[in-house]
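Participant: Before we start, here is the structure in question, set down as structure tokens.
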Amino acid sequence: MLFNSVEFALFLPLVFGVYWLLNGRLRWQNAWIVLSSYVFYGWWSWEFLGLVALSTLVDFGVGLRLNPERGLSTRQRKAWLGVSLAVNIGLLGYFKYAGFFVQNWVDAWAGLGYEMDASTLYIILPVGISFYTFQTLSYSIDVYRGKLTPSRDLVAFAAFVAFFPQLVAGPIERATRLLPQLSSARKFKYEQARDGLVLILWGLFKKVVVADTCAGYVTMCFTNTGAHDGSTLVLGVVFFAFQIYGDFSGYSDIAIGTAKLLGIELMSNFKTPYFSRDIAEFWRRWHISLSSWFRDYLYIPLGGSRVGRFKAVRNVFAIFLVSGFWHGANWTFVAWGGVHAVLFVPLLLRGKNRKHSKGVVAQGRVLPGLGDVAAMGWTFIMVCAAWVFFRADSLEGAVFYFERMGNGLLTRPLISRSALLFCGIMLLHDWFHRHDERMPLKISSTPLRWLAYCLASWLILKGLGTPTDFIYFQF
Amino acid sequence: MLRLALRFSVFCIALTAFGACTVIGARHSDLIEYWLWGNSSADGSTNLRIPEFVSWAETHTHPDVIFLGSSTCYRGIDPARFDAHGLSTYNLCSSSQSLAASRYVLDFALERTAPKRVVIDLYKGVWNSPCYPSFRDHILNNNFVSDPTFQHMAFSTGDPFFSMQALYFSWKRSAVPLPPLLPGSADNYVGRGFVSSTSGVKDIQPCEMNRSDLHRENRDAFEYIAQACAKSGAELILLAPPMTCEGPAPWLENVKGSAGLRRIDGNDWPESKTDTMYYDDHHLRAQGAQSYSDWLASKLAQK
């Protein structure tokens with residue numbers, strides 16, 4: 001079920017109403033979350049519900065085995081953690097990467113002159129598998145590390161794994177944050193629910209109005225690259241930057257807002273990333289739940305930056321390449337991760353990767369200084385250049401796009417007035433909300449605020465006719 | 001909880017009031033209409049094709065052929081070329097017109113004429129989706145939007161805003177009809193639904209075979225069209241448009257529910273693999289459309 005669909009507009013009030021009718025009966029409320037989440041997921045494909053259930057049962061069982069009270073030896077505990085890793089990464093590997101590896105194997109032999117039968121596996125990718133497998137993995141690892149007491153409540157645990165607002169595209173929640181909330185009584189708070197509704201409205205605006213408006217222009221540029229001038233192609237990449245931001249951060253806002261309606265707080269996933277002053281800051285503001293996951297469960301165990309220079313650089317490349325590969329079984333994503341690693345390493349080597357780790361640009365001021373503008377502009381250009389790899393269908397396609405961008409760069413580009421206007425509105429809104437992205441449409445004048453609510457709702461209604469998938473569903 | 005319900009109710013009332021204001025605003029400002037209700041466009045010439053058809057149908061109550069389909073059809077089939085073969089024809093094709101949209105256009109046509117043949121141009125690119133933008137084309141760019149058939153078309157999508165658009169433009173067009181010429185199209189509307197391409201010769205990129213399945217809504221629409229034709233006594237003919245890459249169209253044989261229907265494969269047209277006839281891999285240039293229309297007319301003239 002898509003957030004931007006009529007079905008969800010009917011589904012959510014029903015879930016909300018029954019959920020709060022069950023208030024005071026925690027187990028029933030959690031059971032209702034599980035049922036709703038399975039309906040939400042099964043709406044897309046009920047065949048893959050078994051995978052969600054399998055992941056739930058395995059990690060719940062592993063968690064119980066890892067309970068310190070059982071007195072298992074370190075070796076036995078490692079073995080049980082291995083079971084969780086094998087099942088979750090095995091599922092991910094099979095459904096997401098098997099076809100890719102088989103195809104590359106066949107291609108490699110073909111390069112050596114051996115033609116193999118190319119009847120490669122065609123495997124359907126279950127929606128959200130990259131998200132919920134990572135979420136359950138974090139549970140097993142945290143229990144193993146002793147950071148979390150294993151859950152004894154299967155219903156609460158199943159609700160944690162399948163919690164529908166963030167099941168298919170995140171934020172990838174940590175068990176240490178979400179499980180305690182699901183294991184304790186919730187109380188309806190008007191302010192929380194109101195903020196949730198505003199977040200949903202703003203998220204839908206970003207997805208339906210901004211991202212979907214940009215999508216047409218972007219598709220035109222990337223599917224028929226040879227037919228356009230460089231200036232149009234440059235604008236195509238800029239629009240893609242806004243499309244993917246509107247699409248993914250819009251999804252996260254709807255997820256966070258929906259969870260708020262149910263009395264649950266999810267972590268922030270985006271913090272105005274295009275106002276970053278270097279790549280390190282960008283990664284502290286973009287897809288935070290994934291980058292912090294890789295930081296905690298891959299980068300730091302590898303030694304992070306507190307090892308020798310060579311190993312620190314290796315670790316940076318490891319985290320960015322794996323992060324790229326996580327997005328999809330295609331060399332384009334690996335290249336995208338590689339570009340970011342190349343941009344990040346100089347900051348690390350100069351010890352400047354934490355320069356902007358606190359606060360926001362132009363803290364306490366309305367306008368940024370010239371230095372900040374230049375830094376933000378340069379970072380945005382670098383991020384856009386990397387997006388070409390992310391969006392292109394193949395590495396050859398990305399290279400061709402770069403080549404064509406240099407052709408007719410100074411000609412007048414094709415203009416999409418609506419895409420320019422909506423991107424401008426989103427950018428302006430983000431600038432004035434850069435201190436707290438979780439409180440969108442915060443306008444002090446009540447009539448103006450209500451006008452903004454109505455205008456946004458109207459434009460969303462106008463664009464809802466042909467709901468399109470969220471980009472991150474494919475990951 | 002009650003407070004939230006009250007606040008939400010107030011919001012719904014405010015949104016309704018806002019909607020009413022946009023109607024008034026759009027009535028007086030093209031800019032408000034453009035951004036908040038939708039923009040009319042001459043692309044595909046639906047704004048000219050439908051009114052001309054209504055006039056034409058008054059004098060052609062029993063035409064020989066009515067064409068339905070997408071842009072391969074309205075850019076490729078010139079009804080004027082059929083006159084020499086003694087066939088009175090009209091081209092009711094429009095941009096991305098899927099079978100799901102064709103069923104409503106056919107209803108509109110059958111209310112005014114009793115054609116002897118209905119030819120559906122089956123371009124596979126519009127098979128795997130109902131193509132709602134095509135529905136929208138008939139709502140935004142059509143002075144006959146208030147016709148119950150087009151209203152039904154909009155409401156059938158289940159999209160609340162689209163239904164509102166149908167009501168709004170129905171009201172708007174009754175007061176302010178679309179002018180015959182709208183800005184924004186480089187195409188040359190010739191008449192009787194045909195749009196002649198102004199494109200020159202281009203390098204044609206190799207096209208890919210589209211093997212998508214027929215969408216459920218299109219399948220249902222096809223059954224409806226077959227029944228409607230049978231009921232009105234019109235012969236239903238399936239036509240595969242010519243393309244630069246596609247050979248004989250075996251898929252035409254596999255259209256479910258089409259057993260016993262006459263089929264014409266546009267790829268049998270002798271010039272179908274001549275790149276200079278096209279401006280991309282499936283749209284004909286003016287020269288190609290003339291030659292193809294002559295060939296098709298001779299095929300249809302055969303009993």
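The values are calculated or read from the model by the stated rules, or taken from the named source; none is laboratory data. Since the structure is predicted, the reported quantities are computational estimates derived from the model, not experimental observations. Glycine gets a Cβ as well: all are built from the backbone with ideal geometry, and neighbour counts include every protein chain shown.
Participant: When you look at A:L201, is it outside any helix (DSSP H, G or I) and of a type in the set (A, V, I, L, M, F, W, C), yes or no?
Facilitator: Taking the combined requirement at face value, the residue does not satisfy it.
Participant: Go over the candidates A:G364, A:G337, A:G328, A:G324 one by one and state the one that is in contact with a Leu (Cβ under 6 Å, 6 or more places away or on another chain) and more than 15 Å from A:T379 (Cα to Cα). Spell out how you get there, then give the answer.
Facilitator: Values: A:G364 fails: in contact with a Leu (Cβ under 6 Å, 6 or more places away or on another chain); A:G328 fails: in contact with a Leu (Cβ under 6 Å, 6 or more places away or on another chain); A:G324 fails: in contact with a Leu (Cβ under 6 Å, 6 or more places away or on another chain).
None of the other options fit; the residue is A:G337.
Participant: Pairs please, first residue from segment B:214-239 and in contact (Cβ under 8 Å) with a residue 40 or more places away in the chain and under 20 Å from B:H62 (Cβ atoms), second anywhere and of a type in the set (D, E) and assigned to a helix (DSSP H, G or I), Cβ atoms under 9 Å, 6+ apart in sequence or on different chains.
Facilitator: B:A228/B:D107
Participant: I'm told A:S130 meets every condition in (1) over 17 Å from A:F95 (Cβ atoms); (2) crowded, with 18+ Cβ neighbours inside 10 Å; (3) not hydrophobic (A, V, I, L, M, F, W, C) except one. Can you identify the failing condition by its number?
Facilitator: (1)
Participant: A:L427: assigned to a helix (DSSP H, G or I), aliphatic (A, V, I, L, M) and surrounded by fewer than 14 Cβ atoms within 10 Å (Cβ to Cβ), yes or no?
Facilitator: Details: assigned to a helix (DSSP H, G or I): yes; aliphatic (A, V, I, L, M): yes; surrounded by fewer than 14 Cβ atoms within 10 Å (Cβ to Cβ): no.
Criteria not met by A:L427.
Participant: Could you list, in sequence order, the residues of segment B:144-158 that are surrounded by fewer than 22 Cβ atoms within 10 Å (Cβ to Cβ) and under 15 Å from the mean Cα position of the chain (by Cα)?
Facilitator: Listed by number, the residues that qualify are B:F144, B:T149.
Participant: Something else about it: Filter segment B:10-30 down to the residues that are part of a helix (DSSP H, G or I) and either more than 10 Å from chain A (Cβ to nearest Cβ) or among the small types (G, A, S) (or both) and list them by number.
Facilitator: We begin by selecting, within segment B:10-30, every residue part of a helix (DSSP H, G or I); these are B:10-28, B:30.
Of everything in segment B:10-30, those that are part of a helix (DSSP H, G or I) and either more than 10 Å from chain A (Cβ to nearest Cβ) or among the small types (G, A, S) (or both) turn out to be B:I13, B:A14, B:A17, B:G19, B:A20, B:V23, B:I24, B:G25, B:A26, B:R27, B:H28, B:D30.
Participant: Read through the list (1) within 14 Å of chain A (Cβ to nearest Cβ); (2) surrounded by 14 or more Cβ atoms within 10 Å (Cβ to Cβ), then give the number of the only condition that B:C93 fails.
Facilitator: Going through the list (1) within 14 Å of chain A (Cβ to nearest Cβ); (2) surrounded by 14 or more Cβ atoms within 10 Å (Cβ to Cβ), B:C93 breaks only (1).
Participant: Now for a different question. Here are A:G406, A:G359: which of them is out of contact with any strand residue (DSSP E or B) (no Cβ under 6 Å at 6 or more places or on another chain), within 27 Å of A:D278 (Cβ to Cβ) and without any contact (Cβ under 8 Å) to a residue 24 or more places away in the chain?
Facilitator: Matching residue, one of A:G406, A:G359: A:G359.
Participant: Next up: Given the residues A:F470, A:F475, which is the only one that is closer than 14 Å to A:S249 by Cα and modelled with pLDDT under 85? Don't jump to the end; show me each part of the working.
Facilitator: Working: A:F475 fails: closer than 14 Å to A:S249 by Cα.
One residue alone meets the criteria, A:F470.
Participant: Restrict the check to segment B:66-81 and report whether at least one residue is more than 30 Å from A:L262 (Cβ to Cβ) and either within 14 Å of another protein chain (Cβ to nearest Cβ) or among the basic types (K, R) (or both).
Facilitator: Yes, because at least one residue in segment B:66-81 is more than 30 Å from A:L262 (Cβ to Cβ) and either within 14 Å of another protein chain (Cβ to nearest Cβ) or among the basic types (K, R) (or both).
Participant: Going residue by residue through segment A:440-458, is there one that turns out to be touching a Ser or Thr at 6+ places or on another chain (Cβ under 6 Å), surrounded by 14 or more Cβ atoms within 10 Å (Cβ to Cβ), away from every other protein chain (no Cβ under 14 Å) and of a type outside the set (S, T, Y)?
Facilitator: no
Participant: Quick check on segment A:360-374: of everything there that is in a helix (DSSP H, G or I) and more than 29 Å from the chain's Cα centre (by Cα), which residue is surrounded by the fewest Cβ atoms within 10 Å (Cβ to Cβ)?
Facilitator: Step by step, filter segment A:360-374, then rank; the result is A:L370.
Participant: Restricted to segment B:136-173, and to residues that are touching a residue at least 60 places away in the same chain (Cβ under 8 Å) and in contact with a Pro (Cβ under 9 Å, 6 or more places away or on another chain), which residue is nearest to the other protein chains (Cβ to nearest Cβ)?
Facilitator: Among those residues, the one meeting the criterion is B:N142.
Yes/no per residue for (1) in a helix (DSSP H, G or I); (2) at pLDDT 95 or above; (3) farther than 19 Å from A:P440 by Cβ:
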| position | (1), (2), (3) |
| --- | --- |
| A:R186 | no, no, yes |
| A:G236 | yes, yes, yes |
| A:F240 | yes, yes, yes |
| A:D253 | yes, yes, no |
| A:K260 | yes, yes, no |
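Participant: Okay, next question. Taking the options A:S231, A:S252, name whichever one is buried (at least 23 other Cβ atoms within 10 Å of the Cβ) and either touching a helix residue (DSSP H, G or I) at 6+ places or on another chain (Cβ under 9 Å) or not assigned by TED's automatic domain parsing to the domain that holds A:I200 (or both).
Facilitator: Answer to the selection: A:S252.
Participant: Right, another one. Is there a residue in segment A:88-103 that is at pLDDT 90 or above and crowded, with 18+ Cβ neighbours inside 10 Å?
Facilitator: Yes, segment A:88-103 contains at least one residue that is at pLDDT 90 or above and crowded, with 18+ Cβ neighbours inside 10 Å.
Participant: Out of A:I129, A:I123, report the one residue that is closer than 26 Å to A:G50 by Cβ and at pLDDT 85 or above.
Facilitator: Selected residue: A:I129, the only one of A:I129, A:I123 that is closer than 26 Å to A:G50 by Cβ and at pLDDT 85 or above.
Participant: Give segment A:58-77 a look and list any residue that's more than 12 Å from A:S151 (Cα to Cα) and surrounded by 14 or more Cβ atoms within 10 Å (Cβ to Cβ), or say none.
Facilitator: A:V58, A:L72, A:R77 - these are the residues of segment A:58-77 that are more than 12 Å from A:S151 (Cα to Cα) and surrounded by 14 or more Cβ atoms within 10 Å (Cβ to Cβ).
Participant: Enumerate the pairs (first residue in segment B:10-27 and under 17 Å from B:P160 (Cβ atoms); second residue anywhere and assigned to a helix (DSSP H, G or I) and among the acidic types (D, E)) with beta-carbon separation below 9 Å, excluding pairs fewer than 6 apart on the same chain, so at least 6 apart or on different chains.
Facilitator: Final answer for the pair search is B:T22/B:E33.
Participant: Give B:H60, B:H28 a once-over and let me know the one that is under 16 Å from B:T89 (Cβ atoms), out of contact with any strand residue (DSSP E or B) (no Cβ under 7 Å at 6 or more places or on another chain) and not hydroxyl-bearing (S, T, Y).
Facilitator: Residue meeting the stated conditions: B:H60.
Participant: Conditions: (1) under 25 Å from A:L12 (Cα atoms); (2) of a type in the set (S, T, N, Q); (3) away from every other protein chain (no Cβ under 14 Å). A:S231 meets all but one. Number of the miss?
Facilitator: Here A:S231 meets the rest and fails (1).
Participant: Across segment B:41-90, which residue is farthest from B:D121 (Cα to Cα) among those that are buried (at least 23 other Cβ atoms within 10 Å of the Cβ) and polar (S, T, N, Q)?
Facilitator: This residue is B:N47.
Participant: Take A:R284 and decide whether it is more than 20 Å from A:C454 (Cα to Cα), touching a helix residue (DSSP H, G or I) at 6+ places or on another chain (Cβ under 8 Å), within 14 Å of chain B (Cβ to nearest Cβ) and touching a residue at least 60 places away in the same chain (Cβ under 8 Å).
Facilitator: no
Participant: Which one is farthest from A:L455 (Cα to Cα), of the residues in segment B:34-46 that are of a type outside the set (F, W, Y) and within 12 Å of another protein chain (Cβ to nearest Cβ)?
Facilitator: Looking only at segment B:34-46, we keep the residues that are of a type outside the set (F, W, Y), and these are B:36, B:38-46.
Restricting the remaining residues to those that are within 12 Å of another protein chain (Cβ to nearest Cβ) gives B:36, B:38-39.
Numbers: B:L36: 9, B:G38: 15, B:N39: 17 Å.
Among them, the one singled out is B:N39.
Participant: Pairs, please: C-beta under 7 Å, at least 6 apart or cross-chain, first residue of a type in the set (F, W, Y) and in segment A:79-100, second at pLDDT below 90?
Facilitator: Cβ pairs passing all conditions: A:F95/A:I123; A:F95/A:L125; A:F95/A:P126; A:F95/A:I129; A:Y97/A:A329; A:F100/A:A329.
Participant: Checking the conditions here, which among B:R49, B:R7 is among the charged types (D, E, K, R) and within 14 Å of chain A (Cβ to nearest Cβ)? Write out each step before concluding.
Facilitator: Details: B:R49 fails: within 14 Å of chain A (Cβ to nearest Cβ).
The conditions single out B:R7.
Participant: Given the criterion over 22 Å from B:Y74 (Cα atoms) and at pLDDT 90 or above, identify the matching residue among B:S212, B:S232. Outline the logic, then answer.
Facilitator: On the way: B:S212 fails: at pLDDT 90 or above.
On inspection, the qualifying residue turns out to be B:S232.
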